[in-house]
Amino acid sequence: MTVVLTILASLLPTALLMWLFYRSDLFPEPPRLLLRTFGFGVLATVPAVALEALFSSIFSPLGNPARSLLEAFVTAALVEESLKLLVLRGYSFRKSSFDEPMDGIQYGVASALGFATLENVLYVVDGGLGDAVMRGMLSVPGHASWGAMLGFFAIQWWIDWKKT
């Protein structure tokens, strides 16, 4: 029962944030496309785990301050955000509905929350209900925020690029 509660607690923040962002769009995106973007975000977690393990092994001989900085900015941030952007570039940019700033935010959040969902489940299955609560308050909204910013700037670039 505790495992089920823990997994539900790790999924609830994602569902709530997806719903809030979806409801904030005056011209909502097709749910099917958002769900696919979400699914590709989930899939992006798999190469992230492999790349993060590779970079961690490369950085492990370094001293603590340098290793911590490199793991935070390269191992986590650069790898994860690049893979989320790859979802947008490889899938969402190709959709005709990807045409206004709020669309970039919607698809960016969907990609980020897909990523955060699998990552969150992997962490909380091992860490328990306490981790689910903490990650639900910090990590999942963090992924959504970064995804919103990533999507906003990605669509700005996309709109400018299409004009040329």
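Taking a spot 7 Å from the Cα of Met149 along the direction of its beta carbon, which residues of segment 62-82 have an amide N less than 13 Å from it?
77-78, 81
Ignoring everything but the protein chains, give the 1.4 Å probe accessible area of Arg89 in square angstrom, nearest 10.
110
Just add up the charged neighbours of Lys95: K/R +1, D/E -1, any other residue whose Cβ is under 11 Å from the Cβ of Lys95.
Overall, the nearby charge balance is 0.
Explain nothing, just compute: Karplus ³J(HN,Hα) = 6.51 cos²θ - 1.76 cosθ + 1.60, θ = phi - 60°, for every residue of segment 156-163 in order, whole Hz, x for Gly and Pro.
So the J values, rounded to whole Hz, are 4, 4, 4, 5, 4, 5, 5, 6.
Using a 1.4 Å probe on the protein chains only, how many percent of the accessible area of segment 114-153 belongs to carbon and sulfur?
The value for segment 114-153 is 74 percent carbon and sulfur by accessible area.
Report the one residue of Phe55, Met134, Val87 whose Cα lies farthest in the direction of the positive end of the charge dipole of segment 40-164 (charges on C-beta: Lys and Arg +1, Asp and Glu -1; origin at the Cα centre).
Result: Val87, furthest along the dipole toward the positive end.
Summing Lys, Arg as +1 and Asp, Glu as -1, what charge do residues with Cβ under 15 Å from the Cβ of Leu122 carry, Leu122 excluded?
In short, -4.
Could you tally the net charge around Ala48, taking each other residue with its Cβ under 11 Å from the Cβ of Ala48, Lys/Arg +1 and Asp/Glu -1?
-3
If I model a spin label as a point 7 Å beyond the Cα along the Cα-Cβ vector, how far apart are those points for Val74 and Asp160 in nm?
About 2.8 nm separates the two model spin labels.
Calculate, for segment 6-80, the solvent-accessible area per residue in square angstrom, rolling a 1.4 angstrom probe over the heavy atoms of the protein chains.
61
The values are calculated or read from the model by the stated rules, or taken from the named source; none is laboratory data. Note that the structure is a prediction, hence the values are computed from the model and not measured. All Cβ positions, glycine included, derive from the backbone under ideal geometry; neighbour counts span all protein chains shown. Heads up: the accessible areas ignore ligands, DNA and RNA and are worked out on the full protein's heavy atoms, side chains in. Shrake-Rupley method; radii C 1.70, N 1.55, O 1.52, S 1.80 Å.
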